[in-house]
Amino acid sequence: MQVELERLAESLGQLHDPATGLPLDELDAEIEVGFEGGTVFVGLTLGYPCAGREADWDARLREACLPTLKGGPLGEAQLQFELFSDIPVTGAADAPEPLRGVKNIVAVASGKGGVGKSTTAVNLALALAAEGASVGLLDADIYGPSLPTMLGTEGVRPDVKEQKFFLPVEARGLKTMSLGYLMTEETPAVWRGPMASGALNQILTQTLWGELDYLFVDMPPGTGDIQLTLAQNTTLAGAVIVTTPQDLALKDAIKGVEMFRKVSVPVLGIVENMSLHTCSQCGHSEPIFGSGGGERIAADYQTRLLGQLPLTLAIREDADGGLPTVASDPEGEIAGLYRDIARRAAAQIWLNAGEEDLPQIEVS
Ligand SMILES: Nc1ncnc2c1ncn2[C@@H]1O[C@H](COP(=O)(O)OP(=O)(O)OP(=O)(O)O)[C@@H](O)[C@H]1O
């Protein structure tokens, strides 16, 4: 029977993990197989949260197990499957105290403004929370903090502890902090570089984030000094670059990729937003901003296209109305796209954590 169980584990190791595209035995995935009381137990541990895929894994594992079990001593056994996630830690051990419990800090960035970076950041954060992770979201967009609008927390002021720390504002299952919660009439309308960097660093390191699997940072748009300083001063697990398919936005997205590479922050991948427009009247879809751009950058810059999101009224209305699509229509098609992208980004962090030395790409 032991031989049977080993054969089973072997055949399960050949299954492909959809978030990385790699077979389980090439990943740091743990497959446990056991037999007790007439039941074969299979446990699979992945390095990213994927509660939403449990039923899918269950079906695929059953299908893979059948030929191995059929006709053998375990042919009549019941099959019980459980999916676990063990999220890697890429936070720095010497991080400021409030960030010590944060396993992974992920920057969501864009080379230029208005491409949907904040909308993507909030939906990705909600998506990983829906997959079972504990998630925080820091709105570091000094030019126009939009998190309070998107999460319906306008006018909320965070509690302060020991006159030194902010307590994050809980919203839709996320721990959030935004410059928007702190703005007063005295807050400068236009932040100068060092002042902006200082303010960002302060809310990042003086917020009591507690234990988090992922902290998403919605970066200010662009690739100037403020962004560079933030990327340099923080141990980031990686960056997600949001772009639209227009040539100009793509050029700026490349600058984003180059900026993160310069400071050795892994680029987890590209999200192409507003890729296709589907007419709400006739259902016809067309790539009004062009097509294939995100894929091209991903190929040219050895990163991956994490996914594409359509230009739809629902995404805009949901975000602007305080209930982003992943929360307003969790089982819908668009929420599914965000969840796929979020799992791929998290899986990329897992892959990177398994590599001892990331290749250093020199950008002159
Ligand atoms: N896929 C989409 N379909 C339709 N509208 C979208 C989509 N993505 C974002 N939007 C809308 O586009 C506007 C700009 O989005 P958002 O604020 O997320 O962009 P941004 O890149 O963060 O901008 P900024 O540079 O101002 O921070 C918002 O009104 C948002 O609701």
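Packing around the peptides 339-350, 249-260, 323-334, 232-243, taken as the average count of other Cβ atoms within 10 Å per residue, puts them in this order, highest first: 339-350, 232-243, 249-260, 323-334. Reported value for the stretch 94-252: 113 Å³ per residue, from the convex hull of its C-alpha atoms.
Here the spin labels are modelled as points 7 Å beyond Cα on the Cα-Cβ line, and at residue 45 and residue 317 they lie 4.5 nm apart.
How much of the DSSP bridge set in the chain is antiparallel, in percent, rounded to the nearest 5? Close to 30 percent. Summing +1 for each Lys or Arg and -1 for each Asp or Glu, what net charge is found among the other residues whose Cβ lies under 15 Å from the Cβ of residue 221? Once positives and negatives cancel, what remains is -1.
Each residue in 128, 179 was given a count of other beta-carbon atoms within 10 angstrom of its own, and listing them fewest first yields 179, 128. Among residues other than residue 117 with Cβ under 13 Å from its Cβ, the summed charge is -4 (Lys and Arg +1, Asp and Glu -1). The alpha carbons of the chain occupy a box of 75, 55, 43 Å along the principal axes, longest dimension given first.
For the peptides 48-61, 261-274, the ranking by mean Cβ contacts within 10 Å, running from highest to lowest, is 261-274, 48-61. As a rough guide to protection, the peptides 158-165, 87-94, 137-144, 314-321 ranked by mean Cβ packing within 10 Å, highest first, stand as 137-144, 314-321, 87-94, 158-165. Extension gain, residue 291 to residue 255: 0.36 nm times the residue separation minus the Cα-Cα distance gives 11.0 nm. Neighbours of residue 159, meaning other residues whose beta-carbon lies under 14 angstrom from its beta-carbon, give a summed charge of +2 when Lys and Arg score +1 and Asp and Glu score -1. Along its principal axes, the stretch 2-85 has C-alpha extents of 34, 21, 17 angstrom, given from the largest down. Among the helices of the chain, those built from whole DSSP H runs whose Cα atoms reach 27 Å or more along their own axis and whose mean Kyte-Doolittle hydropathy is at least 0.0 are 333-354. Computed over the stretch 7-160, the alpha-carbon pair-distance distribution with 10 angstrom bins reads 9, 29, 26, 18, 12, 6, 1, each value a whole percent. So which of 117/161; 103/175; 112/262; 175/251 end up more than 26 Å apart by C-alpha? Pairs exceeding the cut-off: 117/161; 175/251. Note on the chain: helix-only mean residue ellipticity at 222 nm, from DSSP H runs of 4+ residues weighted -39500 (n - 2.57) and normalised by residue number, equals -10500 deg cm²/dmol. Using equal-weight Cα scatterers in the Debye expression, the normalised intensity of the stretch 247-364 in log10 at q = 0.13, 0.18, 0.22 Å⁻¹ is -0.62, -1.04, -1.29. Going by neighbour counts of Cβ atoms within 10 Å, the residues 74, 147 line up, fewest first, as 74, 147.
If the chain linking residue 247 and residue 280 were pulled fully straight, counting 0.36 nm for each residue of separation and taking away their Cα-Cα distance, it would gain 9.3 nm.
Where a number appears in this text, it was derived from the coordinates with a stated rule and is not lab data. Because the structure is predicted, anything quoted here is derived from the model rather than measured. Cβ: placed from backbone, ideal geometry, glycine included. Neighbour counts: every protein chain shown.
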